[in-house]
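What follows is a short report on a single structure.
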Amino acid sequence: MAPDIDSLPHPLLGVASTSIYSHRGMGHSLFMALAVGALAASFHRSLKVRYLTAAVVIAGAAASHGLLDMMTDGGRPVAYLWPLSSARLFADWRPIHAIPLHRNHFLALSMIRLASELRQLIAPMILAAVAIRITREGITRASKR
């Protein structure tokens with residue numbers, strides 16, 4: 001969710017919603033994902049992981065956020081290739097239903113959006129992670145026999 005912090009400059013600082021500094025702009029770019037990954041790598045000791053692990057996991061998470069936003073059926077397109085290009089992009093395949101958030105109904109709409117994301121993204125990822133973990137543990141047990 002960290003890339004969504006780029007939604008704050010519009011209401012707080014009066015940045016135009018079409019600006020590269022607004023929501024789904026540079027904060028959702030692959031460049032920013034790599035920069036955040038490099039920053040995370042510098043904290044690898046406090047995260048108690050290897051340098052490369054911190055960099056790859058955090059950069060991958062941030063990069064996937066932009067890609068997933070490109071796959072939504074609503075909202076603004078994503079400036080994924082910034083600073084190489086300011087063009088905002090949507091994916092050709094957009095299966096993720098995006099519910100627009102409005103100030104008047106923010107909490108209620110947020111819960112509907114969260115339920116949609118749980119069903120379409122989070123639950124399948126957790127199931128995949130659990131399946132991988134169970135498979136790895138099974139392989140480890142079998143190799144110890």
*Tally time: how many residues in the range 11-64 are within 19 Å of TYR80 (Cβ to Cβ) and either of a type outside the set (A, V, I, L, M) or not assigned by TED's automatic domain parsing to the domain that holds VAL78 (or both)?*
15
*Which members of the range 1-50 meet the condition of being farther than 25 Å from LEU114 by Cβ, under 15 Å from the mean Cα position of the chain (by Cα) and in contact (Cβ under 8 Å) with a residue 24 or more places away in the chain?*
MET26, LEU30, PHE31, LEU34, GLY37
*For ARG113, work out the one condition from (1) assigned to a helix (DSSP H, G or I); (2) among the charged types (D, E, K, R); (3) modelled with pLDDT of 90 or more it doesn't fulfil.*
(3)
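The values are calculated or read from the model by the stated rules, or taken from the named source; none is laboratory data. All values reported here derive from a predicted model rather than from experimental measurement. We place every Cβ from the backbone using ideal geometry, glycine too, and count neighbours over all the protein chains shown.
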